[in-house]
Ligand code: MF3
Ligand code: CO
């Protein structure tokens, strides 16, 4: 069942969304050469606490990992796709890219967003990977409209990525969001004909999160049970926003 939110509920999700946005803006500034991914975590923990919010990821049980996640951020560097864990030994260097993904719960409602940040000057190919992934998300956002169907959103990401010679990850997907971090429907970055293709209706909220590999699409999980990396070692980018379906079109809750 896809839960539809009332206007009052969407206002609450807006507050979580804006907090996540603020956190990511601050972390973007901290993510420079010489900073560790644990520096990002420490800053995020403080911002979430100061806002009187709860982290969405810390303590979240993921069956595939067989345990609860231990951090408020996922920090995924270079060939890491998602679920990279903050680590004081993982020091960012010029040419790296780092996906910073975080979620919070405020007043019972979740917000969830991710950006991928270049560290110093990155290669032209890497710039294009970030640009195409960001564009895929923007194009998908524009499809989050009442009357459209879920597959319109999924296929928009897939087509933009493939048209630019990159590949979409299939093992991880976006999701509905509300009083739970992960609600129905699943939002793959490709058309999955095995899934249902519901019509989008006002009050639905989708977390759309393209994960795009420069090379082959396959992902493998490291021995730490969490970190998903590209099988071929190519770089991977990730951007995410929460978008509400409204009578007036898409409302991106996770940015001003
Ligand atoms: N943005 C990711 C998601 O929505 C991050 C989840 S990390 C986890 O699935 F630890 F909470 F699972
Ligand atoms: Co998400």
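Each value in this text was obtained by applying a stated rule to the coordinates, not by laboratory testing. The shown structure was predicted, so the numbers you read here are calculated from the model rather than taken from an experiment. Here the Cβ is made from the backbone with ideal geometry for all residues, glycine too, and neighbour counts use every protein chain on show.
Could you tell me whether residue 254 is within 12 Å of ligand 2 (Cβ to nearest atom) and not in a strand (DSSP E or B)? When the stated conditions are applied, residue 254 passes them.
Here is a yes/no grid of residues against (1) surrounded by 13 or more Cβ atoms within 10 Å (Cβ to Cβ); (2) part of a helix (DSSP H, G or I); (3) free of Cβ contacts under 8 Å to residues at least 60 places away in the same chain:
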position	(1), (2), (3)
26	yes, yes, yes
29	no, yes, yes
39	yes, yes, yes
45	yes, yes, yes
49	no, yes, yes
52	no, no, yes
59	no, no, yes
75	yes, no, yes
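Considering (1) surrounded by fewer than 15 Cβ atoms within 10 Å (Cβ to Cβ); (2) touching a residue at least 40 places away in the same chain (Cβ under 8 Å), the lone condition that residue 165 does not fulfil carries the number (2). Please determine whether any residue of segment 107-117 is touching a residue at least 12 places away in the same chain (Cβ under 8 Å), more than 16 Å from ligand 1 (Cβ to nearest atom) and within 19 Å of residue 26 (Cα to Cα). For segment 107-117, residues touching a residue at least 12 places away in the same chain (Cβ under 8 Å), more than 16 Å from ligand 1 (Cβ to nearest atom) and within 19 Å of residue 26 (Cα to Cα): absent.
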